[in-house]
């Protein structure tokens, strides 16, 4: 138990040291921005303050240590009607294996409509169209080392495609979760997401033919070398507590501090009210103190019902305010069996 405590303290000190650095806004300096789109209507209804939640499959995104408390089988599908007519879909599955832990898989796809290819000579379009899309596929593993301490990992393949160019990379997520039997339940969590190499676009449109001299046939095949960009590495540390917990009601409050490598530090916070662990209401504030940010109020609700006495179906919805960018809608469907 002492070793686990020392490990948790070391991780929290490392994250705290990162937070202690002066905040610098480096917006637009990392690749694979879709990795920053949070998943799970429950999580977004809580303002993204989800690092300390356990037993929920969407913890796989926020802190993989949370899925260590999934002991049966659970499948989940998320659809996000994102800003600027962007659609983002995320699906995951996990199962608990006795004496081994919890293993899972996940996949996400981002898509949008086609756009016109425009050039300086043809600003209204060349008659061609292009689109942008992403793919993420990964596996998860988490294990409860004691009744109160768990650790989890994600390994994932990331790909971005823009017109005829693609970029790909492998990345790793690591998380820990510690529960203190205080105020019914007090939890401390920390995670590091998207640790991996830089990404660079490659494809056929980067090949050029350069004409040199005045003679016929003086052509040189060249390749445009693009710059590499880091992944959006994100550190999260959070606390949560059940301030009210009776046979029929529960009130949980959570707060996360988030340090991205491409923006200023932010704070996410949220509150969840549960009646009989069947009906849920949530509200939160996302990305507080973000420099020039548009995110803010979130709220949501959900409920669950039993299917044929063999499975539990969860339906959740969340609304996320984006200021001048209007809003994003999140819908999640989960089934435990």
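For the range 54-75, the tally of residues that are at pLDDT 95 or above, outside any helix (DSSP H, G or I) and closer than 17 Å to residue 241 by Cβ stands at 1. Of all residues in the range 49-66, which are touching a strand residue (DSSP E or B) at 6+ places or on another chain (Cβ under 6 Å) and more than 15 Å from residue 188 (Cα to Cα)? If the condition is that a residue be touching a strand residue (DSSP E or B) at 6+ places or on another chain (Cβ under 6 Å) and more than 15 Å from residue 188 (Cα to Cα), then 57, 60 are the ones that fit. The set of residues in the range 84-112 that are surrounded by 14 or more Cβ atoms within 10 Å (Cβ to Cβ) and outside any strand (DSSP E or B) comprises 86, 112. When we screen 134, 146, 179, 166 for residues that are farther than 22 Å from residue 31 by Cα, in a strand (DSSP E or B) and touching a residue at least 12 places away in the same chain (Cβ under 8 Å), the only hit is 179. Applying the condition of being over 30 Å from residue 199 (Cβ atoms) and surrounded by 10 or more Cβ atoms within 10 Å (Cβ to Cβ) to the range 210-225 and asking which residue is modelled with the highest pLDDT yields 219. Considered as a group, the residues in the range 15-47 that are part of a loop (DSSP other than H, G, I, E, B) and closer than 14 Å to residue 265 by Cα include one that is modelled with the lowest pLDDT, and that residue is 22.
The values are calculated or read from the model by the stated rules, or taken from the named source; none is laboratory data. Here the structure is a predicted model, which is why all the values come from computation and not from measurement. Backbone-built Cβ (ideal geometry, glycine too); neighbour counts: all protein chains shown.
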